[in-house]
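First the structure, in the form of structure tokens, and then the observations on it.
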Amino acid sequence: MQIGDLQLGGWDRSGRIKGKQLANLWEERYSRIVVVDSDAEHVARVRTILESSGCGEVIDLPPGRSPSRLAKRVEDLCPDLVMIDPGEGRFQMLEGVQNRLASNELIPLLVFSATESPEMRRHALRLGAADFMAKPGDHDEILLRCRNFLNMRAMHVELRERARSLEDQVFRRTCALEESKAEILARLAMASEWRDDDTGEHTKRVGELSALIAKELGWNDEDVRTIALAAPLHDLGKIGIPDSILLSANGLSKEEFETMKTHTKIGAEILAGSRSPLLEMAETIAISHHERWDGRGYPNGLAGRDIPQCGRIVAVADVYDALTHDRPYKRAWPLEEAIAEIRKNSGAHFDPAVVEAFLQVVGQPSRRAA
């Protein structure tokens with residue numbers, strides 16, 4: 001049936017239009033009206049009235065003996081309008097159909113009955129019927145009521161599809177914004193490493209390894225993703241360290257090392273003040289990833305669980321990656337030696353639980369004392 005520019009029918013169980021784009025929604029839809037009635041003569045009359053007036057497809061179903069089975073059959077037909085005669089004392093059938101259709105958002109239910117009484121009308125309406133008509137019903141009244149209900153159904157579906165379209169647009173734009181934010185942070189992290197690692201791969205590797213360790217420790221997926229993006233910013237504060245110190249190949253004097261240590265505070269200050277969970281974690285990592293489990297780290301001399309766990313994770317990932325790759329002041333260590341170094345410093349430099357997770361990630365189970 002076409003109502004103005006609208007056509008009805010063809011929804012699936014999720015309530016979405018089957019295989020249709022919103023732009024073509026109303027041009028391509030057709031109405032589906034299900035008539036549930038044991039009176040074959042009345043069904044034939046309703047069919048003639050509706051189909052001769054271009055009201056789409058009319059499908060008749062006998063009531064049967066099982067209200068739940070009937071309700072399932074009606075639902076499977078995905079109607080736009082249901083016309084039903086519950087019969088004397090068979091309002092369970094009406095209730096079952098209404099309960100099935102309720103999840104599919106506003107499928108009008110028009111009740112016919114040869115026995116009209118105020119009590120029966122009220123009962124039908126209480127069970128969710130949209131309207132009540134006495135049999136056999138006037139030709140024009142049947143047609144007009146069906147058209148009004150189909151029109152109401154059409155407007156409801158249009159509003160629902162528009163709402164879903166807007167939700168999809170918001171979702172896509174949110175995803176694009178998140179991708180842009182992640183890209184900006186990745187480039188910022190790369191900039192922080194540019195002078196002593198012009199590939200920017202160190203920051204990327206630290207983020208990936210930190211995420212794997214966090215997952216091994218039982219972090220949820222969202223937090224794992226956050227640390228993967230936040231960890232690469234751990235050395236952002238190196239932007240404020242002079243080249244003569246950052247690129248020194250001859251070791252650092254005590255004064256130079258004190259200057260180098262300030263990169264933790266510089267990075268935290270750059271990242272401070274954001275309400276983004278991602279940047280808040282990045283700030284925490286920047287200030288804490290050089291703290292040590294035994295309290296001999298910097299800049300605040302925190303120890304044990306006073307060090308945020310994200311900082312403890314990145315401490316292991318950062319040292320391991322630094323050991324296994326060339327730096328201006330050293331050659332890369334063999335992997336086995338680097339792993340042994342991490343294990344040796346468990347409980348001193350590093351959180352033992354984080355080392356345990358790290359060893360699982362790199363495929364080297366810890367060697368506990370017997």
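The values are calculated or read from the model by the stated rules, or taken from the named source; none is laboratory data. A quick note: this is a predicted structure, and the numbers were derived from the prediction, not measured. Every residue, glycine as well, gets a Cβ built from its backbone with ideal geometry; the counts of neighbours run over all protein chains shown. What goes into the accessible areas is simple: the full protein's heavy atoms, side chains included, and nothing from ligands, DNA or RNA. Shrake-Rupley method; radii C 1.70, N 1.55, O 1.52, S 1.80 Å.
Quick notes on this one:
- Pairing each residue of region 303-320 that is over 17 Å from Val224 (Cα atoms) with any residue that is among the acidic types (Asp, Glu), provided the two are 6+ apart or on different chains, yields C-beta distances under 7 Å for Ala303/Asp294; Ile307/Glu291.
- Here Gly54 meets each of (1) of a type outside the set (Lys, Arg); (2) part of a loop (DSSP other than H, G, I, E, B); (3) at pLDDT 85 or above with one exception, condition (3).
- Every residue from region 58-69 that is touching a strand residue (DSSP E or B) at 6+ places or on another chain (Cβ under 7 Å) and modelled with pLDDT under 85: Leu61, Pro63
- Residues of region 253-267 that turn out to be of a type outside the set (A, V, I, L, M) and under 11 Å from Pro299 (Cβ atoms), as a count: 7
Let's see how each residue does on (1) of a type in the set (A, V, I, L, M); (2) modelled with pLDDT of 90 or more:
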{"site": "Glu216", "(1), (2)": "no, yes"}
{"site": "Trp219", "(1), (2)": "no, yes"}
{"site": "Glu222", "(1), (2)": "no, yes"}
{"site": "Ile227", "(1), (2)": "yes, yes"}
{"site": "Asp235", "(1), (2)": "no, yes"}
{"site": "Ile241", "(1), (2)": "yes, no"}
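- Whichever residue in region 151-198 is open to solvent by 50 Å² or more (accessible area, probe 1.4 Å) and outside any helix (DSSP H, G or I) and, among such residues, is farthest from Leu109 (Cα to Cα): Arg195
- Only one of the numbered conditions (1) of a type in the set (S, T, N, Q); (2) farther than 18 Å from Asp318 by Cβ; (3) part of a helix (DSSP H, G or I) is violated by Ser248, and that is (3).
- Taken over region 251-265, the criterion of being β-branched (Val, Ile, Thr) and not in a loop (DSSP other than H, G, I, E, B) is satisfied by Thr259, Thr264.
- Some residue of region 200-207 being of a type in the set (Gly, Ala, Ser), in a helix (DSSP H, G or I) and under 23 Å from the mean Cα position of the chain (by Cα): yes
- Filter result for Ser288 (open to solvent by less than 40 Å² (accessible area, probe 1.4 Å) and under 15 Å from Val319 (Cα atoms)): yes
- Filtering region 270-283 to residues that are free of Cβ contacts under 8 Å to residues at least 40 places away in the same chain and assigned to a helix (DSSP H, G or I) leaves Ile270, Leu271, Glu280, Glu283.
- Residue ID - farthest from Lys204 (Cα to Cα), chosen from residues in region 232-278 that are exposed (fewer than 15 other Cβ atoms within 10 Å of the Cβ), under 35 Å from the mean Cα position of the chain (by Cα) and among the small types (Gly, Ala, Ser): Gly273
- Subset of region 118-150 (residues that are assigned to a helix (DSSP H, G or I) and modelled with pLDDT of 85 or more): His139, Asp140, Glu141, Ile142, Leu143, Leu144, Arg145, Cys146, Arg147, Asn148, Phe149, Leu150
- Pick from region 308-362, criterion farther than 20 Å from Lys204 by Cβ, part of a loop (DSSP other than H, G, I, E, B) and modelled with pLDDT under 95, ranking: least open to solvent (accessible area, probe 1.4 Å): Pro334
- Test: residue in region 203-211 that is over 30 Å from Cys55 (Cα atoms), open to solvent by 60 Å² or more (accessible area, probe 1.4 Å), modelled with pLDDT of 90 or more and not hydrophobic (A, V, I, L, M, F, W, C): yes
- Residues that are in a loop (DSSP other than H, G, I, E, B) and in contact (Cβ under 8 Å) with a residue 12 or more places away in the chain were ranked within region 209-245; the one that is nearest to Pro277 (Cα to Cα) is His234.
- Looking across Leu106, Leu77, Leu50, Leu61, one residue alone is in contact (Cβ under 8 Å) with a residue 12 or more places away in the chain, open to solvent by less than 10 Å² (accessible area, probe 1.4 Å), under 24 Å from Val157 (Cβ atoms) and of a type in the set (A, V, I, L, M, F, W, C). It is Leu50.
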